[in-house]
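Here's the structure we're looking at; comments come further down.
The values are calculated or read from the model by the stated rules, or taken from the named source; none is laboratory data. Given the structure is predicted, the values throughout are model-derived calculations rather than measurements. Cβ placement follows ideal geometry from the backbone for every residue including glycine, while neighbour counts extend to all protein chains displayed. Heads up: the accessible areas ignore ligands, DNA and RNA and are worked out on the full protein's heavy atoms, side chains in. Shrake-Rupley method; radii C 1.70, N 1.55, O 1.52, S 1.80 Å.
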Amino acid sequence: MEGGAGAYTSRMPEDVFRDFRARRAGMVKALTTDVEKFYELCDPEKENLCLYGLPDETWEVNLPAEEVPPELPEPALGINFARDGMEEKDWLALVAVHSDAWLLAVAFYFAARFGFDKEARRRLFNMINNLPTIYEVVTGTAKKQSKEKTPNSSSKSNKSNSKA
């Protein structure tokens, strides 16, 4: 499900969710574990850059696609320009919010391309909604919410915010 127009085989919401989850994992990694490398790549002296989450749980900072219209919805353009004009944590939170919006756009782009009906879209949205947003992970609000909602469940998100 790279984004190619090729295979329109029968796809399920679970397939799109796997793609969403993998792209999300890459973006979370960029904004937490790999944050120093991400920061360096987002040089404001370079052209308009975008953060891409890839289906193999990796990420890249790159120029936007050249084809018009692009194969997939485009992520926020020019994330590098605001970098030096803001506190680092605020800039990362801003990139995280735009990353969340892009991930939803990509997931529902696939939902439309694969002809999901109302129930399939609802299943996809519910699976997505059960994960914390990238913004919640980056800002640490995901940990606070999980403690408030489920005090007796074991939290697996101990390392989700490695850079406070």
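Some points to look at:
- Filtered by the rule that a residue be open to solvent by 80 Å² or more (accessible area, probe 1.4 Å) and not in a helix (DSSP H, G or I), the stretch 10-36 gives 10, 12, 33.
- Pair list, Cβ under 6 Å, 6 or more apart: the stretch 86-113 residue closer than 23 Å to residue 33 by Cβ, other residue open to solvent by 70 Å² or more (accessible area, probe 1.4 Å): 96/135; 97/135; 100/135
- Residue list for the stretch 37-53, filter: under 15 Å from residue 96 (Cα atoms) and either assigned to a loop (DSSP other than H, G, I, E, B) or open to solvent by 30 Å² or more (accessible area, probe 1.4 Å) (or both): 39, 42, 49, 52
- In the stretch 124-146, the qualifying residues are those that are more than 15 Å from the chain's Cα centre (by Cα) and surrounded by fewer than 17 Cβ atoms within 10 Å (Cβ to Cβ), and the one that is nearest to residue 35 (Cα to Cα) is 140.
- The criterion of being surrounded by fewer than 15 Cβ atoms within 10 Å (Cβ to Cβ) and under 16 Å from residue 38 (Cα atoms) holds for residue 62.
- Residue-level analysis places residue 81 among those that are open to solvent by 60 Å² or more (accessible area, probe 1.4 Å) and out of contact with any strand residue (DSSP E or B) (no Cβ under 8 Å at 6 or more places or on another chain).
- Residue-level analysis places residue 107 outside the set of residues that are within 17 Å of the chain's Cα centre (by Cα), surrounded by fewer than 18 Cβ atoms within 10 Å (Cβ to Cβ), part of a helix (DSSP H, G or I) and not β-branched (Val, Ile, Thr).
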